[in-house]
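> Encoded as C-alpha cells, here's the structure I'll be asking about.
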Amino acid sequence: MILDQDTQELVALVREFVDKEIIPNVGEIEKNNNEGEEELLEKAIGMGLNALCVPAEYGGPGLTNVQVFSIAEEVARGDIGIGTTLIGNCLASYPVLLVGTDEQKRYWFKTMLEKKWAAFCLTEPGAGSDAGSVRTTAVEDGDYYVLNGTKSFISNGPIAGIYTVLASTRPKAGVLGLTAFMVERDLPGISIGKEEDKMGMRLSCTSEVIFDNVRVPKDHMLGKKNRGFKIIMETLDHSRGGVGAFGVGIAQRACEIATVYAKQRKQFGAPVANLQAVEQMLADMEIRTQTGRQMYLHAAELMDAGQPFTMEAAIAKTAGSDAGMANVVDGIQVMGGYGYMRDYPMEKLYRDAKILQIYEGTNQVQRGVIAGQMKKKYNEDGHKAPSSAPAKKSEAPKSAAPAPKPVEAPKAAPVPGKELNLLVCVKQVPDTTQIKIDPVKHTLIREGVPAIVNTFDTYALETALRLKDQVGGKVTVISMGLPAAKDALRECLAAGADEAYLITDRVFGGSDTLATSKIISTAIGVLEEKNGKPFDCIFCGKQAIDGDTGQVGPEISQHLNRALISYAVEVALQEDGSLKCKRESDEGYDYYAAKTPCIVTVNKTPYDLRYPNFISQRAARNAEIHELSSAEVVVPAEERGLAGSPTKVRKTYTPTHEKNGMKIEGLGGAEAAEKLVSLMTAAKLL
C-alpha cells in the first residue's frame, strides 16, 4: 500500500528525530551502561512517542494502526531497545482498549501518561508460549482481588507506573481460568526482581515483577472473570504487526549501512558493490525489507478496516522479524571483518535483531497460527472457503478523528498575578537542504524550495516557549514575506506557539533591515492595540536578518522605545515582574534585568530545541495563519519597500569558476608535508 499524506508527514517527523537524536547516540549510550538514555527518552516523550496508541478522546494523537506501525518501523530503525520501551506502552494498553469500559480507559491513560511507562505482564518462569501454565493467582477478598506470583522477562518492568497483568482466578483450569487486571505500580506488595542482562536490545529494561499479596480493586478487572485468555490472544494479534514493523526497521537500517559501505569499500581496484556476489546479497536485503513492510502494512490496514487479521498479523511478525535477522547476517557478510566489530553498527543490529524472532510468540508458534488459519480458510477441495462475518472493528487504536485539540504542557506555578504575553519575530528562509546550484550560473535555485524558520529564530522561539511553560501565558509569532512563509509559521505553531501572523503585501517587497523593522514595529502596534495591552517581551533571533549583526531586534527597540537586552541565552521571570537574562559576552556571561515591556535578542541557547508532537503537528497543519496587509499595517510609502531602504546594491557579479591546483607527487609523507607548508607560506596562506 501507499501511505497517505498525513501518515507520510508523521513518519517524516519521526525519521528526522531518529536521524538526529537516536542513531548518532545509541551506540555510546549502550557502551556507557545506558547513561544518557533517560534524556533521550524524555525527548521522545515530548514528541508523544510513548502515547502512540492513546485515542484522541483520552489525550492522545488518535493514530490509525497503519500510522502506529509505520512509526514503529522508523523508531526501530534507530534502536530496537528504544522502540521496545516506547511501543511497550501500546502492548500494555491493548487489553484496556479491547475490553475496558470508558471509565477504565480514562483511568488507565491518565495514569500511563502521568507516569510515562506501562508494561504487559504475561510471561512467567514456567509460562511462555503456553499461557495456560500461568501460576500467578488472583483470589477474591471482598471488594478486592489478591495477586500473588512472579512475572518474568517483562519489558519496562522496572520503570512502568502501571501494568496489565494476567492471573489465574480458577487454578487448574488452564486457559479457562485466566483473568486480566490493571495494576498500579505503587500498590503495596509489588517489587522488582532480577533485571536481565541481555545479549541485545540493551536499551530496553527487562526484569521480573513480583506480586506479594497485592490488593487490586475489583473494578480494575478487565472484561469478564476467567475470560482473560481471549483478551490476551487478541492483544498479541494486535501487537504482532508492530513486531513485524520493528523487524523491517532493522532490515531497512541494515540495507542502508551495507549499501553505503559497499559503495565506499574498494577491493581489486573497484567498489565491492560492483561485485556480483555482493549485488545479489544487497538485492535480497532490499527484497526482504520491502516484502516485510507490505506485510505489516496489510495487517494494519485490515485492523483499521475492522476485518479479520489474525493470520496476517502472524505473517507480518514472522516475515518482518525474519527479514531483520537475515539482513543483518548478510550485512555483516558484505562488510566482512568490519561488520563483526563493535566500532560498526551492524554488530549491534545483529544482537538486537534476534529477540524479534522470539518475543510476543516465537516464529515457530506464528507458523503454527498461520497453518491453523489456513486449515480454516480452505475447503477440502482446496478452494477458498466463504468469508466469515467481518470482525468487530479494532479499537486498538481507533482511527483518527478530526484533528484533536493540543494537550497543554504542564506548567510550573506562575509568579502571582503574572502570565506573560510574548511575541517572537521570525524570519523565514529557504530550506538549505533542498536548494540546488545552477550548474551554469553557479547561483542558488530557490524556486519551489519550502520555507523554514531561520536557525537562530528557533532559539528565540524555544526561549519564549520555555518561559511560557514556567509561568503561563501566550506566545505569538510574526513574520514578513510571501504566502509561502506560512510553512515556517506552521513550524512555530507545531513547536507550541499559540497563534501566528504573516505580514504579506507586495508593497513591502525589497525592504532592507531598516524598512523591515519599521514595518514589523508598526504591525506590533496593530496587534497590541487589538490586544489592549503591549507584549511583555518581544524576542528576536541573533540573525533576524541575514548576517550576524541581528539588526532587526535593536531597530524594533528604537521604534517602540523599549529596553533591549541582546545576546541572551537564558531568560527568567523575577518576583518583581522583570525579566532577568543570562547574556553572552566576550568575557563569558553576565546578567541583565529589564522591566517589561522589553525586547530580547537571543543567541544559541544551552538547551535542546523541542520536537513537535503528533497532536501539535496536526493542529498546526490546519491552523489559521492571520494575514496583515498594507491596509492594516500603515507605513508611509517612503519608509517601506525599496523606497524606504537606504541600502543600495551597486553591482552584482558571479565569481569565475576556476580550477587551480597542484599535485605533489613522488615524495614521501614528511617531504610532501614540508613542501606543502613551503608553498602555502610563499602564498601567504600561513
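The values are calculated or read from the model by the stated rules, or taken from the named source; none is laboratory data. It should be emphasised that the depicted structure is a prediction, and the values quoted were computed from it without experimental measurement. So basically every Cβ, Gly included, is an ideal-geometry build from the backbone, and we count neighbours across all protein chains shown. Each accessible area value is taken on the protein alone, full model and side chains, heavy atoms only, with ligands, DNA and RNA left out. Shrake-Rupley method; radii C 1.70, N 1.55, O 1.52, S 1.80 Å.
> Could you tell me whether I519 is assigned to a helix (DSSP H, G or I), of a type in the set (V, I, T) and surrounded by 23 or more Cβ atoms within 10 Å (Cβ to Cβ)? Don't jump to the end; show me each part of the working.
Numbers: assigned to a helix (DSSP H, G or I): yes; of a type in the set (V, I, T): yes; surrounded by 23 or more Cβ atoms within 10 Å (Cβ to Cβ): yes.
When the stated conditions are applied, I519 passes them.
> So which of G149, G126, G177 is at positive phi and not aromatic (F, W, Y)?
It is G149.
> Now for a separate question. At pLDDT 85 or above, open to solvent by 30 Å² or more (accessible area, probe 1.4 Å) and assigned to a strand (DSSP E or B), is that true of K486?
Numbers: at pLDDT 85 or above: yes; open to solvent by 30 Å² or more (accessible area, probe 1.4 Å): yes; assigned to a strand (DSSP E or B): no.
Answer is no for this residue.
> I would also like to ask the following. Among the residues of the range 42-50, is any within 21 Å of K198 (Cβ to Cβ) and part of a helix (DSSP H, G or I)?
Yes, the range 42-50 has at least one match.
> Continuing with this model, one more query. Take the range 668-686 and flag every residue that is surrounded by 10 or more Cβ atoms within 10 Å (Cβ to Cβ), of a type outside the set (D, E, K, R) and modelled with pLDDT of 70 or more.
First, the residues of the range 668-686 that are surrounded by 10 or more Cβ atoms within 10 Å (Cβ to Cβ): 671-681, 686.
From the residues that got through so far, the ones that are of a type outside the set (D, E, K, R) too are 672-673, 676-681, 686.
Hits for the range 668-686 are A672, A673, L676, V677, S678, L679, M680, T681.
> Something else: Is it the case that the range 92-100 has a residue that's free of Cβ contacts under 8 Å to residues at least 12 places away in the same chain and not basic (K, R)? Working first, answer last.
Going residue by residue through the range 92-100, those that are free of Cβ contacts under 8 Å to residues at least 12 places away in the same chain are none.
Within the range 92-100, not a single residue is free of Cβ contacts under 8 Å to residues at least 12 places away in the same chain and not basic (K, R).
> I want to confirm something. Restricting to the range 31-72 and keeping residues that are open to solvent by 30 Å² or more (accessible area, probe 1.4 Å) and of a type in the set (D, E), which single residue is nearest to D304 (Cα to Cα)?
Here the answer is E57.
> Filtering the range 459-476 down to residues that are of a type outside the set (S, T, N, Q), in contact with a strand residue (DSSP E or B) (Cβ under 6 Å, 6 or more places away or on another chain) and under 17 Å from K542 (Cβ atoms), which residue is surrounded by the most Cβ atoms within 10 Å (Cβ to Cβ)?
Here the answer is A460.
> Filter the range 12-51 down to the residues that are among the β-branched types (V, I, T), more than 12 Å from N613 (Cα to Cα) and under 10 Å from the mean Cα position of the chain (by Cα) and list them by number.
Our first condition is that a residue be among the β-branched types (V, I, T); within the range 12-51, this holds for 14, 18, 22-23, 26, 29, 45.
Still in the running and more than 12 Å from N613 (Cα to Cα): 18, 22-23, 26, 29.
The answer is V18, I22.
> Which residues, counting only those in the range 633-653, are open to solvent by less than 70 Å² (accessible area, probe 1.4 Å) and either assigned to a loop (DSSP other than H, G, I, E, B) or at pLDDT below 70 (or both)?
Within the range 633-653, V633, V635, P636, R640, G641, G644, S645 meet the criteria.
> Among all residue pairs at least 6 apart or on different chains, which show Cβ distances below 7 Å where the first residue, located in the range 264-292, is surrounded by 15 or more Cβ atoms within 10 Å (Cβ to Cβ) and the second is assigned to a strand (DSSP E or B)?
The qualifying pairs are R265/P271.
> For the range 460-519, which positions are closer than 30 Å to G577 by Cβ and among the charged types (D, E, K, R)?
Scanning the range 460-519 gives E462, R466, K468, D469, K474, D498, E499, K518.
> Right, here's the next one. If you check N454, N421, which single one turns out to be open to solvent by less than 30 Å² (accessible area, probe 1.4 Å) and at pLDDT below 90?
Residue meeting the stated conditions: N454.
To keep it simple, each residue is scored yes or no on (1) modelled with pLDDT under 95; (2) under 29 Å from the mean Cα position of the chain (by Cα).
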{"residue": "A173", "(1), (2)": "yes, no"}
{"residue": "V183", "(1), (2)": "no, yes"}
{"residue": "S207", "(1), (2)": "no, yes"}
{"residue": "M221", "(1), (2)": "no, no"}
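> Right, something else. Output yes when any residue across the range 1-11 is part of a helix (DSSP H, G or I), among the hydrophobic types (A, V, I, L, M, F, W, C) and closer than 19 Å to M201 by Cβ, and no when none is.
Of the range 1-11, the ones part of a helix (DSSP H, G or I) are 5-11.
Filter again for among the hydrophobic types (A, V, I, L, M, F, W, C), leaving 10-11.
The next check asks that each one be closer than 19 Å to M201 by Cβ; those that pass are none.
Looking for residues that are part of a helix (DSSP H, G or I), among the hydrophobic types (A, V, I, L, M, F, W, C) and closer than 19 Å to M201 by Cβ, one finds none in the range 1-11, hence no.
> Modelled with pLDDT under 95 and assigned to a strand (DSSP E or B): does that describe K194? Give the steps one after another, and end with the answer.
Values: modelled with pLDDT under 95: yes; assigned to a strand (DSSP E or B): yes.
Criteria met by K194.
> Which members of the range 581-618 meet the condition of being closer than 27 Å to A44 by Cβ and of a type in the set (G, A, S)?
S616
> Every residue in the range 95-121 that is open to solvent by less than 30 Å² (accessible area, probe 1.4 Å), in contact with a strand residue (DSSP E or B) (Cβ under 8 Å, 6 or more places away or on another chain) and part of a helix (DSSP H, G or I), please.
P95, V96, Q104, W108, T111, M112 - these are the residues of the range 95-121 that are open to solvent by less than 30 Å² (accessible area, probe 1.4 Å), in contact with a strand residue (DSSP E or B) (Cβ under 8 Å, 6 or more places away or on another chain) and part of a helix (DSSP H, G or I).
> Please go through the range 594-626 and give me each residue that is closer than 30 Å to S566 by Cβ, charged (D, E, K, R) and over 21 Å from the mean Cα position of the chain (by Cα), ordered by number.
Result: K595, K604.
> Let me spell it out: the conditions are (1) open to solvent by 40 Å² or more (accessible area, probe 1.4 Å); (2) in a loop (DSSP other than H, G, I, E, B); (3) on the phi < 0 side of the Ramachandran plot, and K172 meets all of them except one. Which number is the exception?
All conditions are met except number (3).
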